[in-house]
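A.B. asks: Dumping the structure here so I can ask a few things about it.
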Amino acid sequence: MTALHAAASADDALILDFIDRFLERAVAPYAMALEHDDVYPEDIVAGMKELGLFGATIAPEYGGLGLSSLTYAKIIERMSRVWMSITGIFNSHLIMAAAVQRFGTEAQKQTFLPRFATGELRGGLALTEPDCGTDLQAIRTTAVRERERYVINGTKTWISNGIYGQVFALLVKTDPAAEPRHKGMSLFLAEKGPGFAVSRKLEKLGYKGIDSAELVFSDFACPADNLIGGEEGHGLQHALGGLELGRINVAARGVGIARAALDASLRYSQVRRTFGKPICQHQAIQLKLADMATRTEAAWLLVERAAQAYDRGERCDLEAGMAKLFASEAAIENALEAMRIHGAYGYSKEFPIERMYRDAPLLAIGEGTNELQRIIIARQLIERNPVG
Ligand SMILES: Cc1cc2nc3c(=O)[nH]c(=O)nc-3n(C[C@H](O)[C@H](O)[C@H](O)COP(=O)(O)OP(=O)(O)OC[C@H]3O[C@@H](n4cnc5c(N)ncnc54)[C@H](O)[C@@H]3O)c2cc1C
């Protein structure tokens, strides 16, 4: 039982207060150095474990905090204002947990969820391959049944938590010839062991501290009991089902960066003087501040709307897609505007603006690119507004 378990039944203010104190004490003083050196934040992870964040959205009956996705989004937004990377350490882990909680057999829930909730067993989602990310139905990793196990071969790339995680929701083809292609896809819980190797750590522009890795499966034997839901052919549905929560999370990260960029700009523009007055009194800077603030508020309202729909159990791919699209673009634009407002200091490694500028573009790529979000939004608009 963690401090957050006690607070979880109370209102959001209490939970967010815990988070703020944790960020102030355990994250803010260390984030810049860890990020610049691209060091995995072991102490912060231990603190997040103690808080119970690895079980944030897992149901209390399995040891989690059972937070609504709205409360979860508020936590993510708060944390991303200080350092976005740390949210990635438990987000893909929780998407994996959501797939088990929503689609797993009772035995799978009993076996995995309590250990996911404490953070004793951590991991993420392994969907992307060297040849495909958006077009997931083109994956080539295969799983062939041999009595009570499946033999898995293939390569996954860009897998968050790939080095420090121990278990991954792994998307494979159980029937590569199936038509439509998704009917031949299945999702497994793959725990590291013989035949499951981390081939390399991937270097990135931003999103440092968290490990992104390539995973190689060579005759990896996975117990048949680890096939999520126990039945082949539902893998894509199970993987995509978890991505709604993932997209709400990415959108909340976007709001966090957009807000941090705005807050820093508001402060800096009141103390930096040019031509005899603070730069916030120049209209050109005011226009930027106004646009940054409006984008941030609008982005949060979209996140709130998507999270509320998710919490009501409604289909929310349109809402989550809009939130993810708008909030990630808001983060990118605000980070760039903050850099302009800070002048040379915005470009300096002594200020956090350059990190926001490097971190924000990931949000337009991960959990489905923004091009894909537009396609999802348009398809849903048409489906929800039929003519005739
Ligand atoms: C730091 C980082 C962490 C990541 N973490 C994970 C993880 O934990 N697990 C995981 O499985 N993956 C992860 N990914 C991978 C990520 O999900 C993919 O990069 C993403 O889905 C896009 O796939 P892709 O890079 O193969 O691009 P592609 O699919 O090759 O797309 C290339 C371009 O074409 C566009 N495009 C593709 N199809 C269409 C279409 N039909 N219409 C219009 N435009 C289209 C895309 O929008 C994009 O602009 C991560 C990536 C990064 C950078």
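The values are calculated or read from the model by the stated rules, or taken from the named source; none is laboratory data. Everything numeric here is computed off the predicted structure, so don't read it as measured data. Because the Cβ atoms are built from the backbone with ideal geometry, glycine has one as well, and the counts that use them run over all protein chains shown. Accessible surface is based on the protein model in full, side chains and every heavy atom, while ligands, DNA and RNA are left aside. Shrake-Rupley method; radii C 1.70, N 1.55, O 1.52, S 1.80 Å.
A.B. asks: Solvent-accessible area per residue for the range 279-328 at a 1.4 Å probe radius, Å²?
C.D. replies: Ligands and nucleic acids excluded, the figure is 47 Å² per residue.
A.B. asks: Still on this structure, I have one more. Using the structure shown, list the pairs from LYS74/LYS324; LYS49/LYS156; LYS49/LYS349; LYS204/LYS349; LYS49/LYS204 with a Cα-Cα distance above 21 Å, or answer none.
C.D. replies: With Cα atoms farther than 21 Å apart: LYS49/LYS156; LYS49/LYS349; LYS49/LYS204.
A.B. asks: Still on this structure: Decide, for the chain, between rounded, prolate and oblate: order the square roots of the alpha carbon gyration tensor eigenvalues as a ≥ b ≥ c, take rounded if a/c falls under 1.5, and otherwise choose prolate if a/b is larger than b/c, else oblate. Display every interim value, and only then the final one.
C.D. replies: Working: a/c = 1.77, a/b = 1.62, b/c = 1.09.
Prolate is the answer for the chain, as a/c is 1.5 or above and a/b outweighs b/c.
A.B. asks: I need the Debye-formula profile for the range 1-118: one equal scatterer per C-alpha, no solvent, reported as log10 I(q)/I(0) at q = 0.12, 0.14, 0.22, 0.23 1/Å, two decimals.
C.D. replies: With one equal scatterer per Cα and no solvent, log10 I(q)/I(0) is -0.41, -0.56, -1.25, -1.33.
A.B. asks: Rounded to the nearest 10 Å², what accessible area does THR296 show when all protein chains are kept and the probe is 1.4 Å?
C.D. replies: Spelled out: THR296, probe radius 1.4 Å, area about 0 Å².
A.B. asks: Mind running the shape call on the range 226-318? Use the C-alpha gyration tensor, a ≥ b ≥ c as the square roots of the eigenvalues: rounded below 1.5 for a/c, prolate if a/b tops b/c, oblate otherwise.
C.D. replies: Since a/c reaches 1.5 and a/b is larger than b/c, the shape of the range 226-318 is classed as prolate.
A.B. asks: How big is the gap, in Å, between the Cα center of the range 132-148 and the Cα center of the range 253-292?
C.D. replies: Taking the Cα centre of each part, the range 132-148 and the range 253-292 sit 48 Å apart.
A.B. asks: Reachable aspartates and glutamates from LYS208, Cα under 14 Å, same-chain residues fewer than 8 places away excluded?
C.D. replies: Within reach: GLU35, ASP37, ASP38, GLU42, GLU354, ASP359.
A.B. asks: Moving on to the next point. Leaving out ligands and nucleic acids, note down the accessible area per residue over the range 165-208 with a 1.4 angstrom probe, in whole Å².
C.D. replies: On a per-residue basis, the range 165-208 sits at 44 Å².
A.B. asks: At a 1.4 Å probe, what is the % contribution of carbon and sulfur to the accessible area of the chain?
C.D. replies: Of the solvent-accessible surface of the chain, carbon and sulfur hold 53 percent.
A.B. asks: In addition: How big is Rg to Rh over the range 114-240, alpha-carbon atoms, Rh as the Kirkwood inverse-mean-distance radius? Mind showing how you got there, number by number?
C.D. replies: Working: Rg = 14.0 Å, Rh = 14.6 Å.
That ratio is 0.95, to two decimals.
A.B. asks: Taking DSSP loops as anything outside H, G, I, E and B, show the longest stretch in the chain free of GluC sites (Glu not before Pro) there with at most 13 other beta carbons within 10 Å.
C.D. replies: Details: sites that count: GLU120, GLU148, GLU203, GLU231, GLU314, GLU350.
No qualifying site falls inside 1-119, the longest such stretch.
A.B. asks: In whole Hz, what ³J(HN,Hα) sequence does the range 142-157 give by Karplus (6.51, -1.76, 1.60; θ = phi - 60°), x for Gly and Pro?
C.D. replies: After applying 6.51 cos²θ - 1.76 cosθ + 1.60, I find 10, 10, 10, 6, 9, 6, 8, 8, 10, 9, 10, 9, x, 10, 10, 9 Hz.
A.B. asks: Another question, then. Per Stokes-Einstein, at 4 °C and 1.567 mPa s, what whole-number D in µm² s⁻¹ belongs to the range 270-388, with the Kirkwood radius over Cα pairs as the hydrodynamic radius?
C.D. replies: My calculation gives 80 µm²/s for D.
A.B. asks: I need the calculated FRET efficiency for the pair GLN166 and ALA224, taking r as the beta carbon distance and R₀ as 22 Å, to the nearest 0.05.
C.D. replies: Numbers: r = 20 Å, r/R0 = 0.90.
The formula returns an efficiency of 0.65 here.
A.B. asks: Still on this structure, I have one more. In whole Hz, what ³J(HN,Hα) sequence does the range 187-195 give by Karplus (6.51, -1.76, 1.60; θ = phi - 60°), x for Gly and Pro?
C.D. replies: 10, 10, 9, 9, 8, 4, x, x, x
A.B. asks: Also, I was wondering about something else. HN-Hα J couplings of the range 173-184 from phi, Karplus 6.51/-1.76/1.60, θ = phi - 60°, integer Hz, Gly and Pro as x?
C.D. replies: Each residue of the range 173-184 in turn: 9, 9, 9, x, 8, 4, 9, x, 4, 5, 5, x Hz.
A.B. asks: So how tilted is helix 85-103 from the main axis of the chain? Cα-based, degrees 0 to 90, rounded to 10.
C.D. replies: Long axis of 85-103 versus the principal axis of the chain: about 40 degrees.
A.B. asks: Helix 12-22: angle to the longest alpha-carbon principal axis of the chain, degrees 0 to 90, nearest 10?
C.D. replies: 80 degrees
A.B. asks: Can you give me the angle between helix 69-82 and the longest principal axis of the chain, using Cα atoms only, in degrees from 0 to 90, rounded to the nearest 10?
C.D. replies: Helix 69-82 sits roughly 50 degrees off the main axis of the chain.
A.B. asks: Please give the per residue accessible area of the range 349-388, computed with a probe of 1.4 Å over protein heavy atoms only, in Å².
C.D. replies: 61 Å²
A.B. asks: How many nm is it between the label spots at ARG25 and TYR347, if each spot is 7 Å from the Cα in line with the beta carbon?
C.D. replies: Modelled inter-label distance: 4.0 nm.
A.B. asks: Would you tell me the accessible area of ARG315, worked out with a 1.4 angstrom probe on the heavy atoms of the protein chains, in Å² to the nearest 10?
C.D. replies: Surface open to solvent at ARG315 totals about 140 Å².
A.B. asks: Take the alpha carbon atoms of the range 75-101, find their center, do the same for the range 168-239, and report the distance between the two centers in whole angstrom.
C.D. replies: The two parts, judged by their Cα centres, are 19 Å apart.
A.B. asks: From the protein chains alone at 1.4 Å, what is the descending order of accessible area for VAL387, VAL144, largest first?
C.D. replies: Highest to lowest solvent-accessible surface, that is VAL387, VAL144.
A.B. asks: Starting from the range 234-325, pick out the chymotrypsin sites (Phe, Trp or Tyr not before Pro) whose DSSP state is loop and whose Cβ has at most 15 other Cβ atoms within 10 Å.
C.D. replies: PHE275
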